[in-house]
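A short worksheet on the structure shown next.
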Amino acid sequence: MIFGIIGNVRKPALKEVSENLLSYLRKRNAQFIVHDELGAWLNQASGTMVVTTDQFVSEGDIPKRCDVLISLGGDGTMLAAARIVGNSGTPILGVNLGKLGFMAEVSVDKLTDCLDDLFNGRMTIEDRAILKAEADDGHTIHAYSALNEIAIDRGRSPRVIHLRVSVDGQYLVTLTADGLIVATPTGSTAYSLASGGPIITPQSGVIAITPISPHTLTARPVVVPDSSVIRVVVDDGSKPVHLTADGFAEGFYQLPAVFTIQKDSYTVKFMRRPNRSYFDVLRAKLMWGSDIRIGPKK
């Protein structure tokens, strides 16, 4: 088994966690490769050759060279990992060095135990849906993919926009809002949740459509089957409308603009511990059942 490693160099804990991870893998006589930018950063930060240059691999070659990709960071690093593996089928093991970390599977203090489970065949694979979107401004069609969400918003305009939404060719609603979010179950705990959308368990076969700051109290999120084709038309306004995929890829489109969003044909694979459920994650991250009136024990 060959491990690939990527990491967020802005995380203060990355150096120590990476060095401990490499030490563990060497003791296991496990092969590994490192994203070349991370490898160069580690060698500089450590002041020694922690990773040899023959173990440096460019981002585009990582999924071809490893059996498991370890992501060291937060949910943003997990999104980057998903973009790196694409449709290769290489599973991702997320190690949370961030704050909330809904997607990362393991905390730093549990990393060794988790890797022991992996070597002993006790990990499972969970498929996560991917959205694909096409943006058509009448001249060019641009393609996007997202693990979390596709967001369409007013961009640089100070005014609300009007978004005409249809599902499978059936008219749904025209929203007057700052925009809307089309989210996967994975993305239901990200931008969609912050905008009032529902929490959806990862294996649910649905897509959530969530308005962003709608100018009516009656506008509510809508959940549709993940077989749906969602079409959004924005044709009223003087400034370009803005699309983002997972907060990374983006584009501005002159009006009228048409956006088509649906589930893609491939999934991204997350490695999971069998003794940890999604509801355990929700309780821990959202502090369900905790009494905020009671401060930390002294």
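The values are calculated or read from the model by the stated rules, or taken from the named source; none is laboratory data. Keep in mind that this is a model prediction, so the values were computed, not measured. Counting neighbours? That spans all protein chains shown, and the Cβs are built from the backbone with ideal geometry, glycine included.
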Checklist entry - Of all residues in the stretch 191-222, which are closer than 22 Å to D127 by Cα and of a type in the set (V, I, T)? => result I199, I200, T201, V206, I207, I209
Checklist entry - Which strands (runs of 3 or more DSSP E) does the stretch 214-265 wholly contain that include 3 or more residues that are over 22 Å from I141 (Cβ atoms) and under 22 Å from the mean Cα position of the chain (by Cα)? => result 222-225
Checklist entry - Within the stretch 182-206, how many residues turn out to be in a strand (DSSP E or B) and farther than 21 Å from H162 by Cα? => result 1
Next on the checklist: Going by what's in this entry, would Y278 be described as in the same structural domain as R83 (by TED's automatic domain parsing), surrounded by 14 or more Cβ atoms within 10 Å (Cβ to Cβ), out of contact with any Lys or Arg (no Cβ under 6 Å at 6 or more places or on another chain) and among the hydroxyl-bearing types (S, T, Y)?
Outcome noted: yes
Checklist entry - Out of curiosity, is N29 more than 28 Å from Y266 (Cα to Cα) and in a loop (DSSP other than H, G, I, E, B)? => result yes
Next on the checklist: Filter the stretch 160-203 down to the residues that are under 18 Å from F248 (Cβ atoms) and surrounded by 16 or more Cβ atoms within 10 Å (Cβ to Cβ) and list them by number.
Outcome noted: G179, I181, V182, A183, T184, T186, G187, T189, A190, Y191, S192
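Table: residues versus (1) crowded, with 21+ Cβ neighbours inside 10 Å; (2) under 16 Å from L115 (Cα atoms); (3) touching an Asp or Glu at 6+ places or on another chain (Cβ under 7 Å).
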site	(1), (2), (3)
K15	no, no, no
Y24	no, yes, no
R28	no, yes, no
G47	no, no, no
G60	no, no, no
K64	no, no, no
G73	yes, no, no
M78	yes, no, no
Checklist entry - Looking at the stretch 87-104, is at least one residue more than 17 Å from N275 (Cα to Cα), surrounded by fewer than 19 Cβ atoms within 10 Å (Cβ to Cβ), hydroxyl-bearing (S, T, Y) and in the same structural domain as R28 (by TED's automatic domain parsing)? => result yes
Item to check | Which numbered condition G155 fails, given (1) over 30 Å from R231 (Cβ atoms); (2) of a type outside the set (A, V, I, L, M, F, W, C); (3) surrounded by 14 or more Cβ atoms within 10 Å (Cβ to Cβ) | outcome: (1)
